[in-house]
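In what follows, a single structure is set out as structure tokens and then discussed.
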Amino acid sequence: MTLDGLLERHGGWLESSPDEGPVISSRVRFARNLYDTTFPGRASEEVRDRVWDEVVLAFDKVSSNTGFLRWRMDELKPLERELLFERHLISAELAERKTGSGLFVSEDECQGVMVNEEDHIRLQSLQPGLNLQKALDEAEALDDDLEQTLSYAFSSKLGYLTACPSNLGTGMRASVMLHLPGLCLTDEIKPVINAVSKIGLAVRGMWGEGSEAAGHMFQISNQITLGKTELEIISHLDQIVLEVIEHEKNARLRLMEKQEIRVHDHIGRAYGILAHAAMMNSNEALDLLSGLRLGIDLGLVPEIGRRDIDQLLIQIQPAHLQRSAGTALSAEERDIKRAQYIRGFLHGRQDDDS
């Protein structure tokens with residue numbers, strides 16, 4: 001399958017799951033490095049190329065990984081790298097790297113391996129809904145497969161050795177992406193974030209570290225990787241996420257009990273603007289789609305599925321819009337194309353239901 005073929009479909013982590021509502025997806029990521037090999041940030045081009053070749057060999061030797069697609073960053077155009085970033089398959093850092101850096105990804109986009117990012121290997125499993133256990137199981141299976149061929153840098157005292165000391169130990173980061181409009185609209189989100197941060201978890205925006213929480217989307221992840229097992233990490237995160245979900249549901253109930261007209265107005269305005277606007281920037285679109293997703297969860301917009309909205313969140317990003325147009329677009333042209341794309345989707349849904 002080509003990159004275009006991959007982009008014609010939605011990632012498997014955006015499919016429906018039993019645990020939906022505020023939860024969008026769960027992710028487990030492992031950081032690994034090769035034994036006696038310089039970390040990518042300080043390695044020569046020759047060393048980075050050798051690491052890439054070793055990972056290619058590891059994939060080729062494991063029959064269960066034959067379904068993985070692969071790309072080197074130096075073989076991709078800037079727009080193609082941005083597309084992969086928008087689909088949560090690579091980091092912004094990997095998108096900027098070239099020699100020896102690349103990506104392996106399963107056809108359903110639920111498993112991926114970045115090569116020569118901050119560490120030699122960053123492998124991840126993405127799952128729909130709240131499913132950290134499955135994400136961990138799949139990440140560990142892929143990790144075990146690669147370790148049949150690769151020799152990892154490991155210390156009996158420190159665990160897996162990583163470029164950043166904060167990843168020492170398990171080398172694992174687990175995260176859950178949540179949609180929390182209730183807490184945002186009731187101005188309760190800051191106390192929740194502060195409470196979560198005090199117990200060793202990090203709260204970031206939709207695109208990870210350094211990003212804003214556009215569209216009321218938040219990622220909650222562990223920060224401690226040393227001194228805890230993988231199961232302890234995901235168990236703790238799972239428990240906290242369930243508590244945050246409960247706070248979000250209660251906030252939504254209070255909104256409907258005390259400010260029902262405001263809620264209907266918020267959702268109605270979002271739908272009206274999305275259905276008729278001629279131009280729309282990324283942040284405005286994310287905020288309005290957040291209102292529409294809230295309406296779906298509350299049963300006020302029954303003709304649209306929440307996963308339709310989750311997929312739209314990816315399709316309206318700059319690189320995806322330019323790929324759809326088949327040409328580079330200015331910021332204004334992207335805003336026009338974005339509004340057109342959303343209008344087409346909503347009007348198409350109306351036609352389907354008529």
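None of the figures in this text is laboratory data; all of them are computed from the coordinates on show. Keep in mind it's a predicted model, so treat the numbers as computed, not measured. When we count neighbours, we look across all protein chains shown, and the Cβ atoms used for this are built from the backbone with ideal geometry, even at glycine.
Relative to the present Cα-Cα distance, how much length would full extension add between Glu15 and Lys198 at 0.36 nm per residue of separation?
Result: 62.6 nm gained on full extension.
Mind checking the log10 I(q)/I(0) for the stretch 1-127 at q = 0.10, 0.16 Å⁻¹? Debye, one equal scatterer per Cα, no solvent, two decimals.
Listed by q, the Debye log ratios stand at -0.31, -0.78.
Residue by residue through the stretch 138-150, which ³J(HN,Hα) values in whole Hz follow from phi under the Karplus form 6.51 cos²θ - 1.76 cosθ + 1.60 (θ = phi - 60°), with glycine and proline marked x?
6, 5, 5, 5, 5, 4, 5, 4, 5, 6, 5, 10, 8
Using Cα pairs under 8 angstrom and six or more residues apart, how large is the relative contact order of the stretch 241-354, in percent?
Rounded, it is 30 percent for the stretch 241-354.
Could you run the Karplus curve 6.51 cos²θ - 1.76 cosθ + 1.60 with θ = phi - 60° over the stretch 190-201 and give me ³J(HN,Hα) per residue in whole Hz, x for Gly and Pro?
So the Karplus estimates, Gly and Pro as x, are 4, x, 5, 4, 4, 5, 5, 5, 6, 10, x, 10 Hz.
How far is the Cα center of the stretch 228-261 from the Cα center of the stretch 65-86, in Å?
35 Å
Can you give me the Kirkwood hydrodynamic radius for the stretch 259-353, using every pair of distinct Cα atoms, in Å to one decimal? Intermediate values should be presented prior to the final figure.
On the way: mean 1/r = 0.0738 Å⁻¹.
Taking every pair of different Cα atoms in the stretch 259-353, averaging 1/r and inverting gives 13.6 Å.
Please state, to two decimals, what the Cα-based radius of gyration of the stretch 3-251 comes to when divided by 2.2 N^0.38 Å (N = residues). Mind dumping the intermediate values first?
On the way: Rg = 17.9 Å, N = 249, 2.2 N^0.38 = 17.9 Å.
Relative to the rule-of-thumb radius for its length, the stretch 3-251 sits at 1.00.
So which of Lys98/Lys157; Lys198/Lys249; Lys77/Lys337 end up more than 24 Å apart by C-alpha? Mind showing how you got there, number by number?
Values: Lys98/Lys157 34 Å; Lys198/Lys249 22 Å; Lys77/Lys337 21 Å.
Exceeds cut-off: Lys98/Lys157.
Would you mind computing the Rg to Rh ratio of the stretch 230-281 from its alpha-carbon coordinates, Kirkwood style for Rh?
Across the stretch 230-281, the Cα-based Rg/Rh ratio is 1.26.
By how many nm would the segment from Gln223 to Asp36 lengthen if fully extended, with 0.36 nm per residue of separation less the alpha-carbon distance?
Extra length available between Gln223 and Asp36 comes to 64.7 nm.
Given a Förster distance of 35 Å, report the FRET efficiency between Ala331 and Gln311 from their Cβ-Cβ distance, rounded to the nearest 0.05.
Values: r = 23 Å, r/R0 = 0.66.
Efficiency, rounded to the nearest 0.05: 0.90.
Over the chain, what is the relative contact order in percent, taking alpha-carbon pairs closer than 8 angstrom and at least six residues apart?
Worked out over the chain, it gives 18 percent.
For the stretch 128-206, which trypsin sites (Lys or Arg not before Pro) are both in a DSSP coil and crowded by at most 15 other Cβ atoms within 10 Å?
Taking the stretch 128-206 and a limit of 15 other Cβ atoms within 10 Å, the loop trypsin sites (Lys or Arg not before Pro) found are Lys157.
Quick one: what are the phi-derived ³J(HN,Hα) couplings along the stretch 220-229, Karplus 6.51/-1.76/1.60 with θ = phi - 60°, whole Hz, x for glycine and proline?
Computed from phi, the couplings for the stretch 220-229 are 10, 9, 6, 10, 8, 10, 9, x, 10, 7 Hz.
What GluC sites (Glu not before Pro) does the stretch 1-104 have in DSSP loop regions with at most 11 other beta carbons within 10 Å?
Glu8
From Cα pairs below 8 angstrom and at least 6 apart in sequence, can you work out the relative contact order of the stretch 85-156, rounded to a whole percent?
Computed over the stretch 85-156, the figure is 18 percent.
Which percent of Cα-Cα pairs in the stretch 199-336 sits in each 10 Å bin, short to long?
Result returned by the calculation: 10, 31, 32, 19, 7, 0.
Relative to the present Cα-Cα distance, how much length would full extension add between Glu260 and Gln148 at 0.36 nm per residue of separation?
Net length gain for the segment: 34.6 nm.
Give the Kirkwood hydrodynamic radius (Å, one decimal) of the stretch 292-342, defined as one over the mean of 1/r across all pairs of different Cα atoms.
Working: mean 1/r = 0.0840 Å⁻¹.
Radius from the Kirkwood sum: 11.9 Å.
Distance between the C-alpha centers of the stretch 266-314 and the stretch 163-190? Whole Å please.
So the separation of the two Cα centres works out to 23 Å.
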